Number of protein chains: 2
Amino acid sequence: MNSLLVTGSIGIDTVHTPTGSADSVLGGSAIYFAAAASFQGPVRLVAAVGDDFPAELEAPFHRFDIDLAGLEKRAGSKTFRWTGRYLENMNDRETLSVDLNVLGEDGPPVPEAYADTRTVFLANAHPAAQLGLRRSFPDAELVVADTMDLWISIARDELMELLKNVDGLVLNDAEAFQLTEERNVVRAGRKILEMGPAFVVVKKGEHGAVLVHRDGEGALPAFPAADVVDPTGAGDSFGGGMMGRLAATGDRGFGGIMTAMAAGTVVASFTIEAFSLAALESLTREELAERERAYVSMLDVG
Amino acid sequence: MNSLLVTGSIGIDTVHTPTGSADSVLGGSAIYFAAAASFQGPVRLVAAVGDDFPAELEAPFHRFDIDLAGLEKRAGSKTFRWTGRYLENMNDRETLSVDLNVLGEDGPPVPEAYADTRTVFLANAHPAAQLGLRRSFPDAELVVADTMDLWISIARDELMELLKNVDGLVLNDAEAFQLTEERNVVRAGRKILEMGPAFVVVKKGEHGAVLVHRDGEGALPAFPAADVVDPTGAGDSFGGGMMGRLAATGDRGFGGIMTAMAAGTVVASFTIEAFSLAALESLTREELAERERAYVSMLDVG
């Protein structure tokens, strides 16, 4: 079985945008990833919440094809919380408050039954924790990590060690520039390849994504969207759609990853249409497939 | 004959980038447009320079398939000059000095033989001047204009009148936002359609371009480039490649314009590889066709 697993955060988000707000809604990298990936097959989730996690936020876990054996509800701990505000352009944001809570403690245990996982996504976390988790899956055929500016600043050595032990890295353009001291996405990606991975996917939000692969470079636009309600989780959904497709096809060549990025782009274009996971919760496989056909057709310029 | 004509500026540019400089080189919207378009067929040029225009800058006019009957060398006038500097990201720039010179005088006369032109590109100029030129081509089947922030600020009424008399508008994202007071490219484009044109092409520099058409929206990435020497003229080259393709195919439908935008994207990716028109001067049709095939293949994600 071509199993896909994600480890990352589950949190309670409060989000302000120029057009609205959502208070204490479900968020976190792992749940956006898992929900997006689940349209292409089952997803194993390894994450921890506190014993304060509200029952009403659990509904989405059951709406999607997500295996919850690795979801720990830790007694005596509190759930990760994040409050942020998007700027007028809906692409840039500022963090207003963060309470790491359970994310600041030891990571959740990986169920023994998951040791056979073939495709692993290490969502953003301290690179030392990601490296520990990576070693829980010695037989994984494809391991991809995400990271963030904080770890590039304060845990660069651990991040460099992680990069020697993953097949791919996903990060945004500002992070790629910070990591490499370049100001061009392709140059930055090529420098990251020298650090270990076989490919790097640079996310540019509303401007799409760029692939830097040992076999060449590619770029894809975002799906042109008029109605952006909340960009939170777009990057994690992109990762989920991409990894879901990679787990399904097993094609890690340049074209295979580009096609997987297209799948990620399309599912992320739904995520931003509503707060939290609401748009993914009401999305059908047929609607997703229809938009993917429209996206592929839009890019057929030959 | 499916004739293509461009009216716009020819200037002497001094350009500073983070990695180099070029002093008093050939520039201006019309020459970048015409050079890029000429790879797909002959281009008629209507533009004026002063009697100070150096003979050594005339070579590129003869290198490309450009009809120079409409190029006026005005006695007693001086050529337009522009000096600018690109920021570290190679996408944003600041103007250090501008001498309008002949561009501040009456426009060049349109040769009578050009009255039968079918496809016209009104490169950036005062919208009243663009409107006057537009009326010189009563039988044109496709008229597309470019504009800039200055005219949106100081000549909005004339620009609105122009928009009722063109088929398409090309502008960059910041200008689209300024014109519409929107902060989303698709929404901005839709508002511009209400002002008259059947389609709007929003240029986003290194992030590609977006088409907002009566029949839908589309987006294309820039060609992923590691070596950007000088972005000057990229947008005008994009316009030239796009209009050259539109003049050749006559297809103004959504797919036809997307395919034309792809041609513009690819020729512009050469322009930025050297200062001034140097990269286009050494470019062959075979090299251009090869990169266009690579771009089309890169976007084949079905």
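Values computed for the structure shown
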quantity: Chain A: DSSP helices with Cα axial extent of at least 24 Å and average Kyte-Doolittle hydropathy no lower than -0.5; calculated: A:254-271
quantity: Residue of B:81, B:135, B:252 that the Gaussian network model of chain B assigns the largest fluctuation, springs spanning Cα pairs under 10 Å; calculated: B:135
quantity: Charge-dipole axis of chain A as Lys and Arg at +1 and Asp and Glu at -1 on Cβ define it, positive-most pick from A:108, A:262, A:19; calculated: A:262
quantity: Cα-centre dipole for the protein assembly as shown with unit charges at Cβ (Lys and Arg positive, Asp and Glu negative), debye to 20; calculated: 420 debye
quantity: Residues of region B:4-298: accessible area per residue with a 1.4 Å probe, Å²; calculated: 38 Å²
quantity: Residues in region B:11-33 that a label on residue B:58 would reach, taking backbone N under 20 Å of a point 7 Å out along Cα→Cβ; calculated: B:11-13, B:24-32
quantity: Chain B, accessible surface, carbon-and-sulfur percent (1.4 angstrom probe); calculated: 48 percent
quantity: Global geometry of region B:4-298, whether rounded, prolate or oblate, following the gyration tensor of its Cα atoms and the 1.5 cut on a/c; calculated: rounded
quantity: Magnitude of the charge dipole, region A:179-302, Cβ model with Lys/Arg +1 and Asp/Glu -1, debye to 20; calculated: 500 debye
quantity: Förster radius 41 Å - calculated FRET efficiency between residue A:293 and residue B:98 (Cβ-Cβ, nearest 0.05); calculated: 0.30
quantity: Summed buried accessible area for B+A [probe radius 1.4 Å, Å², rounded to 100]; calculated: 2600 Å²
quantity: Highest-MSF residue in chain A out of A:68, A:211, A:171 [GNM, Cα springs under 10 Å]; calculated: A:68
quantity: Cα pair distances exceeding 20 angstrom across region A:158-218, given as percent; calculated: 14 percent
quantity: Residue pairs, from the table A:203/B:204; A:204/B:203; B:73/B:203; B:164/B:203; B:78/B:203, whose Cα atoms sit over 26 Å apart; calculated: B:73/B:203; B:78/B:203
quantity: Inter-label distance for residue B:2 and residue B:51, nm, one decimal - labels placed 7 Å from Cα along Cα-to-Cβ; calculated: 4.2 nm
quantity: For residues of B:208-219, the mean tally of beta carbons on other chains within 10 Å; calculated: 4
quantity: Unit charges at the beta carbon, dipole of region A:4-298: most positive-side option, A:188, A:148, A:171; calculated: A:188
quantity: Percent RCO, i.e. relative contact order, over chain A, from Cα pairs under 8 Å lying at least 6 residues apart; calculated: 17 percent
quantity: Rounded to 5, the percent of DSSP beta bridges in chain A classed as antiparallel; calculated: 40 percent
quantity: Computed FRET value (nearest 0.05) for residue A:198 with residue A:284, which takes r as the C-beta separation and R₀ as 45 Å; calculated: 0.85
quantity: Candidates A:53, A:121, A:238: whichever shows maximal mean-square fluctuation once chain A is modelled as a Gaussian network with Cα springs under 10 Å; calculated: A:53
quantity: Debye, to nearest 20: dipole size of region B:108-264, +1 on Lys, Arg Cβ, -1 on Asp, Glu Cβ; calculated: 300 debye
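The values are calculated or read from the model by the stated rules, or taken from the named source; none is laboratory data. Just so it is clear, the structure is predicted and the values come from calculations on it, not from any experiment. Neighbour counts run over all protein chains shown; Cβ positions are idealised from the backbone, glycine included. For accessibility, only protein heavy atoms count, side chains too; no ligands or nucleic acids. Shrake-Rupley method; radii C 1.70, N 1.55, O 1.52, S 1.80 Å.
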